[in-house]
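Student: Quick one: the structure is below, questions incoming.
The values are calculated or read from the model by the stated rules, or taken from the named source; none is laboratory data. Please read these numbers as outputs of a predicted model, since none were measured by experiment. Backbone-built Cβ (ideal geometry, glycine too); neighbour counts: all protein chains shown.
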Amino acid sequence: MRLTVLGGCGAWPTADQACSGYVVEHEGFRLLIDPGYATLPRLLAHSTVDSVDAVLVSHGHPDHCADLNPLLRARGLSDVPPPALPLHAPHGALDAVLALDKPSMLAAAYLLHEFSPGDRFEIGPFTVGTRLLPHFVPNAGLRISTPEAVLMYTGDTGPSEDIPRLAEGADLFLSEATYVHEVPSPGDAPYLLTARLAGRYAQQAGAARLLLTHLWPGTDPAAALEAAAFPGPALIAAPDLVIDL
């Protein structure tokens with residue numbers, strides 16, 4: 001299994017960093033996870049739009065799914081459209097982004113498969129386990145596995161003891177870390193995570209490696225890694241970072 005980071009910026013993209021977006025590959029199958037703002041140009045730096053075999057979205061916030069629209073446009077409006085793209089997302093999560101164009105314009109470009117967090121299903125060579133994790137909208141934590149490797153991705157989440165359970169023994173724990181030590185707004189604290197907690201959960205899960213993502217724009221990456229205090233290999237999600245599991 002190979003993970004390529006397209007972006008890992010929280011909330012909005014910056015000049016140097018797209019929002020959440022990741023490509024996971026195994027046996028020639030490419031799964032695009034969370035095509036957030038500005039991820040399509042990064043995807044095109046690595047491959048073509050018709051090389052994506054399926055899309056998996058953790059939740060419906062635009063910094064995790066907005067670039068699905070230009071991806072579907074590029075596929076559906078091409079001279080020779082590729083087959084309909086399977087989209088996997090929690091119920092209703094893609095309603096807004098799919099409504100950006102009239103239904104008939106891109107209807108043939110995708111096949112929507114909605115799930116409820118807690119479901120387990122297959123996407124190509126991947127087995128996907130999901131769990132509802134706390135956020136402002138329904139968010140699915142994702143455990144993506146092959147016989148050889150396990151990737152756990154939190155999506156966006158607040159503190160939850162379900163996180164280390166879902167990440168148990170993962171080869172790579174990809175965790176949101178919006179803030180470094182604490183969430184500044186008490187009202188947001190149940191729905192966002194810190195680097196400090198991400199590191200703690202990774203240790204509890206016995207994860208082999210930690211990859212912090214969704215840092216608030218302007219956050220010092222070194223400070224986030226220091227706060228995580230993870231004893232194993234730890235990195236910050238940065239464009240074009242490639243990790244082999």
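Student: Out of the residues in the stretch 144-156 that are touching a Phe, Trp or Tyr at 6+ places or on another chain (Cβ under 9 Å) and part of a loop (DSSP other than H, G, I, E, B), state the one that is surrounded by the fewest Cβ atoms within 10 Å (Cβ to Cβ). Full working, then the answer.
Tutor: Taking the stretch 144-156 as the starting set, the residues that turn out to be touching a Phe, Trp or Tyr at 6+ places or on another chain (Cβ under 9 Å) are 144-146, 151-154, 156.
Adding the requirement that they be part of a loop (DSSP other than H, G, I, E, B) leaves 146, 154, 156.
Values: T146: 17, T154: 28, D156: 27.
Once the filter is applied, the top-ranked residue is T146.
Student: Can you tell me which residue is farthest from A238 (Cα to Cα) among those in the stretch 213-223 that are more than 19 Å from the chain's Cα centre (by Cα) and aliphatic (A, V, I, L, M)?
Tutor: By that ranking, first place goes to A223.
Student: While we're here: Of all residues being outside any loop (DSSP other than H, G, I, E, B) and in contact with a Phe, Trp or Tyr (Cβ under 8 Å, 6 or more places away or on another chain) in the stretch 63-73, which is surrounded by the most Cβ atoms within 10 Å (Cβ to Cβ)? Just the residue, please. Don't jump to the end; show me each part of the working.
Tutor: At the first step, the residues of the stretch 63-73 found to be outside any loop (DSSP other than H, G, I, E, B) are 63-65, 68-73.
From what's left, in contact with a Phe, Trp or Tyr (Cβ under 8 Å, 6 or more places away or on another chain): 63, 72.
Values: D63: 23, L72: 26.
Top of the filtered list is L72.
Student: Within the stretch 15-53, which residues are within 15 Å of the chain's Cα centre (by Cα), surrounded by fewer than 24 Cβ atoms within 10 Å (Cβ to Cβ) and on the phi > 0 side of the Ramachandran plot?
Tutor: A38
Student: Evaluate the following for E122: is it touching a residue at least 60 places away in the same chain (Cβ under 8 Å), under 20 Å from H26 (Cβ atoms), outside any helix (DSSP H, G or I) and among the acidic types (D, E)? Spell out how you get there, then give the answer.
Tutor: Working: touching a residue at least 60 places away in the same chain (Cβ under 8 Å): no; under 20 Å from H26 (Cβ atoms): yes; outside any helix (DSSP H, G or I): yes; among the acidic types (D, E): yes.
Against the criterion (touching a residue at least 60 places away in the same chain (Cβ under 8 Å), under 20 Å from H26 (Cβ atoms), outside any helix (DSSP H, G or I) and among the acidic types (D, E)), E122 does not qualify.
Student: Checking V97 against (1) farther than 21 Å from T4 by Cβ; (2) in a strand (DSSP E or B), which single condition isn't satisfied?
Tutor: (2)
Condition check ((1) in contact with a helix residue (DSSP H, G or I) (Cβ under 8 Å, 6 or more places away or on another chain); (2) among the aliphatic types (A, V, I, L, M); (3) assigned to a strand (DSSP E or B)) across all residues:
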| position | (1), (2), (3) |
| --- | --- |
| T4 | yes, no, yes |
| A15 | no, yes, no |
| V23 | yes, yes, yes |
| R30 | yes, no, yes |
| L40 | yes, yes, no |
| L44 | no, yes, no |
| D50 | yes, no, no |
| R75 | yes, no, no |
| D79 | no, no, no |
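Yes/no matrix, rows are residues, columns are (1) surrounded by fewer than 19 Cβ atoms within 10 Å (Cβ to Cβ); (2) under 14 Å from R143 (Cβ atoms); (3) more than 16 Å from the chain's Cα centre (by Cα):
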residue: E161; (1), (2), (3): yes, no, yes
residue: P164; (1), (2), (3): no, yes, yes
residue: E168; (1), (2), (3): yes, yes, yes
residue: S175; (1), (2), (3): no, yes, no
residue: Y179; (1), (2), (3): no, no, yes
residue: L193; (1), (2), (3): no, no, no
residue: L211; (1), (2), (3): no, no, no
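Yes/no matrix, rows are residues, columns are (1) of a type outside the set (K, R); (2) closer than 24 Å to T178 by Cα; (3) under 18 Å from the mean Cα position of the chain (by Cα):
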{"position": "P70", "(1), (2), (3)": "yes, no, yes"}
{"position": "G76", "(1), (2), (3)": "yes, no, no"}
{"position": "L87", "(1), (2), (3)": "yes, no, yes"}
{"position": "H91", "(1), (2), (3)": "yes, no, yes"}
{"position": "L94", "(1), (2), (3)": "yes, yes, yes"}
{"position": "L98", "(1), (2), (3)": "yes, no, no"}
{"position": "M105", "(1), (2), (3)": "yes, no, no"}
{"position": "L111", "(1), (2), (3)": "yes, no, no"}
{"position": "G124", "(1), (2), (3)": "yes, no, yes"}
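Student: In this structure, does P138 turn out to be within 17 Å of the chain's Cα centre (by Cα), at pLDDT 95 or above and over 18 Å from G36 (Cβ atoms)? Outline the logic, then answer.
Tutor: Details: within 17 Å of the chain's Cα centre (by Cα): yes; at pLDDT 95 or above: yes; over 18 Å from G36 (Cβ atoms): no.
It is false that P138 is within 17 Å of the chain's Cα centre (by Cα), at pLDDT 95 or above and over 18 Å from G36 (Cβ atoms).
Every residue, every condition in (1) in a strand (DSSP E or B); (2) of a type in the set (D, E, K, R); (3) free of Cβ contacts under 8 Å to residues at least 40 places away in the same chain, yes or no:
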| position | (1), (2), (3) |
| --- | --- |
| L142 | yes, no, no |
| G158 | no, no, yes |
| G169 | no, no, yes |
| L174 | yes, no, no |
| S185 | no, no, yes |
| Y191 | no, no, no |
| L197 | no, no, yes |
| L225 | no, no, yes |
| D240 | no, yes, no |
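Student: Within the stretch 62-69, does at least one residue satisfy the condition of being touching a strand residue (DSSP E or B) at 6+ places or on another chain (Cβ under 6 Å) and of a type in the set (D, E, K, R)? Write out each step before concluding.
Tutor: At the first step, the residues of the stretch 62-69 found to be touching a strand residue (DSSP E or B) at 6+ places or on another chain (Cβ under 6 Å) are 63.
From what is left, the residues that are of a type in the set (D, E, K, R) are 63.
Yes: the stretch 62-69 contains one or more residues that are touching a strand residue (DSSP E or B) at 6+ places or on another chain (Cβ under 6 Å) and of a type in the set (D, E, K, R).
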